[in-house]
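A quick write-up on the structure given underneath.
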Ligand code: GLU
């Protein structure tokens, strides 16, 4: 297909594992079948967890697997200014607000046991005087995208939000339901961009036509579709691949026996062996 552009977007928080390899094979196989290209994006926004040595190891492992990409690698940590501009735009339109709630305060407002980092939180901006006071005192805050403001800004487009999902049986329109995620965090006081913001910005900037990602990010895609609508970015076509599961039926992890591709390589395994091991997904 002419103009098919997809991407592989790992976060360099560790070495590539079998689960990553399975995902990479899905991305490259789909692009090859479509005669398209794959871009490589390093999602290293979280500078506390990402390390250059992991990035180097990811690049080396992809080369070992025979997966090559088009053009230069885009490293998100080199583009914080781009993300700050998006934030400014959303701020000027009243779509984001500073949330000063601590994790403990958020947890208290949620049902018992809910994870404050995962559970949907819906809040509202603090009044300007209180906000100035908190800023003057150096309080930490998160920039949250207001679902309520987004709904007002998008009007009828909000209820019509949907995306094309391609499956092996054809394409379907999947409705987007960002409500389930509440007011998502787009940045923090000391972190200029979250995954949602940087990912959607870069997909638009890089002309990504197809996003191929794990099933575990299917629901989250609704948030991305809303952000794309608010920023007038095109919505790519999405494909979701099954996750590689461990013996317990859960996503394969270090605990369930997954290990870095390097360890398999050192044991004498070939890229063909890795492909065979990931074929279940
Ligand atoms: N950095 C994300 C990950 O590794 C990218 C996923 C995506 O946006 O498709 O899960």
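The numbers here are math on the coordinates, done by the rules we state, and not lab data. Not measured: the values here are computed from a predicted model. As a convention, Cβ positions derive from the backbone with ideal geometry for all residues, glycine included, and neighbour counts pool all protein chains shown.
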May I ask you to work out the translational diffusion coefficient for segment 50-165 at 10 °C, viscosity 1.306 mPa s, via Stokes-Einstein with Rh from the Kirkwood sum over Cα pairs, reported in whole µm²/s? 87
Shape of segment 181-267, Cα gyration tensor, a/c cut at 1.5: prolate
Return 95, 186 ranked ascending by Cβ neighbour count within 10 Å, so the fewest neighbours appear first. 95, 186
Nearest 500 deg cm²/dmol is fine: what mean residue ellipticity at 222 nm does the chain get from its DSSP H runs of n ≥ 4 alone, each adding -39,500 (n - 2.57), divided by its residue count? -11000 deg cm²/dmol
Where only alpha carbons of the chain are counted, the Rg and the Dmax (Å): 20.0, 64
So which residue, out of 68, 202, 232, gets the largest mean-square fluctuation from a GNM of the chain using Cα contacts under 10 Å as springs? 232
Have a look at 227, 154, 135 and tell me which one the Gaussian network model of the chain (Cα, springs below 10 Å) gives the largest fluctuation. 135
With 10 angstrom as the radius, rank 102, 30 by how many other C-beta atoms surround their C-beta, starting from the fewest. 102, 30
Measure nothing fancy, just the Cα-based angle from helix 18-34's long axis to the longest principal axis of the chain, in degrees from 0 to 90, nearest 10. 80
In what sequence do 172, 98 fall when counting other Cβ within 10 Å, fewest first? 172, 98
For segment 1-100, what is the convex hull volume of the alpha-carbon atoms per residue, in Å³? 142
To the nearest 10 degrees, how steeply does helix 52-64 sit against the main Cα axis of the chain, on a 0 to 90 scale? 40
How large, in Å, is segment 101-212 by the Kirkwood hydrodynamic radius built from its alpha-carbon pairs? 16.7
Could you state the number of Å between the C-alpha centres of segment 220-248 and segment 7-86? 16
So what is the relative contact order for the chain, in percent, with contacts set as C-alpha pairs under 8 Å and at least six apart? 23
Take every Cα pair under 8 Å in segment 1-145 that's 6+ residues apart, average their separations, divide by the length, and report that relative contact order as a whole percent. 21
Taking a ≥ b ≥ c as the square roots of the eigenvalues of the Cα gyration tensor, with a/c under 1.5 meaning rounded and otherwise prolate when a/b exceeds b/c and oblate if not, segment 127-281 is oblate
Just need the relative contact order of segment 122-281 here, percent rounded to a whole number, with Cα pairs under 8 Å and 6+ apart. 21
What fraction of the DSSP beta bridges in the chain is antiparallel, stated in percent and rounded to the nearest 5? 55
Just 127, 271, 12 to compare: in a GNM of the chain, with alpha carbon springs under 10 Å, which one fluctuates most? 127
